[in-house]
Amino acid sequence: MPTTKPAPSARQLELLERAYAYSLTHGLADLSLRPLATAIGSSPRVLLFLFDSKDGLIRALLARARVDELELLRQLDERYDEPPGLTVVARELWTWLAAPERRPLMTFWVEAYGRSLVAPDGPWVDFGRSTVDDWLELLKASQPDPGSAAAEARRTGVLAMLRGALIDLLATGDLNRTTAAVDDYLART
């Protein structure tokens, strides 16, 4: 009996991309299959068939969002032959996170992160922890001596600062103030 799930069909991938685009503008909190299906040219029955359940669809959407996040991490990792330093990587991350074209993705991420904290047993399970682990690994790879307790504390502080500045930016739209705060923090660490 096979233990791996078969590869998704072309139709499933197409509907996932459409549902992902829809969720970037409409969010996940009140996701309802009927309006989603109508918006993406499908039906609730087809979505349930392809994704097993609404929770299965949400898990697929979260995995799809993580693909975008991991692509950024991969690009940053490939850009440098040697660790560029935590400050350099943190500034590049902030530039990427704060870009206006990424606001829908970042809003989606914040919503999913928050939901993983308050509804940890549903489709959100481990989303928050996974993203923290992903970002900490990237920040760790940027440090010349990542094994020390001080290096771990520094990258944890940088990650917390970036997340806080991102939430502030999404709430206020004040790019100048939040970028100044990020720059100030990084100059002092």
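Pairs meeting the criteria (first residue in the range 115-129 and without any contact (Cβ under 8 Å) to a residue 24 or more places away in the chain, second residue among the charged types (D, E, K, R), beta carbons under 9 Å, at least 6 apart or on different chains) are Ser116/Asp126; Ser116/Arg129; Pro120/Asp126; Val125/Arg59; Gly128/Arg115. The lone criterion from (1) in contact (Cβ under 8 Å) with a residue 24 or more places away in the chain; (2) surrounded by fewer than 16 Cβ atoms within 10 Å (Cβ to Cβ) left unmet by Trp109 is number (2).
Could you please find all residues in the range 1-18 being modelled with pLDDT of 85 or more and over 23 Å from the mean Cα position of the chain (by Cα)?
The initial filter retains those residues of the range 1-18 that are modelled with pLDDT of 85 or more, namely 9-18.
Residues satisfying the conditions are Ser9, Ala10, Arg11.
Residues checked against (1) open to solvent by less than 30 Å² (accessible area, probe 1.4 Å); (2) β-branched (Val, Ile, Thr):
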| site | (1), (2) |
| --- | --- |
| Glu152 | no, no |
| Arg155 | yes, no |
| Val158 | yes, yes |
| Leu166 | yes, no |
| Leu169 | yes, no |
| Ala180 | no, no |
| Asp184 | no, no |
| Ala187 | no, no |
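So that you can scan it fast, the table gives a plain yes or no per residue for (1) open to solvent by less than 20 Å² (accessible area, probe 1.4 Å); (2) modelled with pLDDT of 90 or more; (3) out of contact with any Ser or Thr (no Cβ under 7 Å at 6 or more places or on another chain); (4) of a type in the set (A, V, I, L, M, F, W, C):
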site	(1), (2), (3), (4)
Leu33	no, yes, yes, yes
Ala39	no, yes, yes, yes
Pro44	no, yes, yes, no
Gly56	yes, yes, yes, no
Arg74	no, no, yes, no
Leu86	yes, yes, no, yes
Ala90	yes, yes, yes, yes
Thr95	no, yes, yes, no
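How many residues are hydroxyl-bearing (Ser, Thr, Tyr) and over 23 Å from Thr107 (Cβ atoms) when one looks only at the range 15-66?
If we filter the range 15-66 for residues that are hydroxyl-bearing (Ser, Thr, Tyr), which is where we start, we get 20, 22-23, 25, 32, 38, 42-43, 53.
Checking which are over 23 Å from Thr107 (Cβ atoms) leaves us with 42-43, 53.
So the count comes out to 3.
Under the condition of being under 24 Å from the mean Cα position of the chain (by Cα) and in contact (Cβ under 8 Å) with a residue 24 or more places away in the chain, the residues counted in the range 19-44 number 11. Scanning the range 118-148 for residues that are open to solvent by 30 Å² or more (accessible area, probe 1.4 Å), of a type in the set (Ser, Thr, Tyr) and under 17 Å from the mean Cα position of the chain (by Cα) yields a single hit, Ser130.
Residues of the range 21-31 that are open to solvent by 40 Å² or more (accessible area, probe 1.4 Å) and in contact with an Asp or Glu (Cβ under 9 Å, 6 or more places away or on another chain): Ala29 alone. Pull out all pairs, ordered by first then second residue, where Cβ-Cβ is under 8 Å, the residues are six or more apart or on different chains, the first lies in the range 81-100 and is over 12 Å from Thr189 (Cβ atoms), and the second is of a type in the set (Ser, Thr, Tyr) and open to solvent by less than 10 Å² (accessible area, probe 1.4 Å). Going by the 8 Å Cβ cut-off, the qualifying pairs are Pro83/Ser142; Pro84/Ser142; Val88/Ser142; Val89/Ser142; Ala98/Thr178. When you check Arg115 against the structure, is it within 12 Å of the chain's Cα centre (by Cα) and open to solvent by 40 Å² or more (accessible area, probe 1.4 Å), yes or no? Considered against the rule, which asks whether it is within 12 Å of the chain's Cα centre (by Cα) and open to solvent by 40 Å² or more (accessible area, probe 1.4 Å), Arg115 comes out as no.
The values are calculated or read from the model by the stated rules, or taken from the named source; none is laboratory data. The structure displayed is predicted, hence computed values, not measured ones. Please note: Cβ atoms are built from the backbone with ideal geometry, for glycine as well, and neighbour counts cover all protein chains shown. Quick note on the areas: whole protein, heavy atoms, side chains included, nothing else; ligands and nucleic acids left out. Shrake-Rupley method; radii C 1.70, N 1.55, O 1.52, S 1.80 Å.
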